[in-house]
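Participant: Have a look at the structure that comes next, please.
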Amino acid sequence: MNKNLTAFLAQNAKKIDNVHCVASDRFVDPETGKAIPWAICCITAAENAAIRKSCMRTVQVPGRKGQFTQDIDANAYLAKVAVRCTVFPNLNDAELQQSYAVMGAEQLITAMLTPAEFEDYSGKVLEVNGFQSGDEMVEEAKN
């Protein structure tokens with residue numbers, strides 16, 4: 001076993017390439033008529049933890065007066081992670097947001113995609129980030 005730590009230096013770590021996938025067949029290239037793929041990047045564990053923390057809320061324990069627990073807003077978490085990992089299209093583009101009459105990237109992505117498309121896309125985003133399924137990620141985030 002080589003105990004040389006140079007393999008762990010940031011510049012020596014293999015880069016994770018962006019992944020392209022079609023989030024919806026409804027967004028097509030006017031010239032070719034083919035669906036335009038979206039680009040997804042991977043984030044760090046620290047970025048994921050910050051997103052997860054921003055989606056936590058304090059809720060009262062049912063039947064226990066004065067007792068509270070932490071809960072995660074899974075829908076907000078999925079939207080924030082999907083937005084952060086979407087490289088293309090630019091969900092922060094003001095013109096794109098105006099075309100859907102929304103303000104903010106999280107509202108835009110949920111306005112652009114149907115519920116099933118969003119579910120599939122957010123699952124792909126989680127997969128790109130190393131998670132096996134969206135359900136497992138939500139369960140982990142709850143704990």
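Participant: Please determine whether any residue of the range 64-71 is under 21 Å from the mean Cα position of the chain (by Cα) and closer than 26 Å to Val128 by Cα.
Facilitator: Within the range 64-71 (the criterion being under 21 Å from the mean Cα position of the chain (by Cα) and closer than 26 Å to Val128 by Cα), the answer is yes, since at least one residue qualifies.
Participant: Within the range 33-45, is even one residue touching a strand residue (DSSP E or B) at 6+ places or on another chain (Cβ under 8 Å) and exposed (fewer than 11 other Cβ atoms within 10 Å of the Cβ)?
Facilitator: Yes, because at least one residue in the range 33-45 is touching a strand residue (DSSP E or B) at 6+ places or on another chain (Cβ under 8 Å) and exposed (fewer than 11 other Cβ atoms within 10 Å of the Cβ).
Participant: Search the range 34-48 for residues that are under 10 Å from Cys21 (Cα atoms) and aromatic (Phe, Trp, Tyr) and pair each with any residue that is surrounded by 16 or more Cβ atoms within 10 Å (Cβ to Cβ) and at pLDDT 95 or above when their beta-carbon atoms are under 7 Å apart and the residues are at least 6 apart or on different chains.
Facilitator: Final answer for the pair search is Trp38/Ala23; Trp38/Thr86; Trp38/Pro89.
Participant: Is it fair to say Pro30 is closer than 16 Å to Lys124 by Cα and either within 21 Å of the chain's Cα centre (by Cα) or exposed (fewer than 10 other Cβ atoms within 10 Å of the Cβ) (or both)?
Facilitator: No.
The values are calculated or read from the model by the stated rules, or taken from the named source; none is laboratory data. These numbers were taken from a predicted model, which means no experiment stands behind them. Note that we place each Cβ from the backbone using ideal geometry, even for glycine, and neighbour counts take in every protein chain shown.
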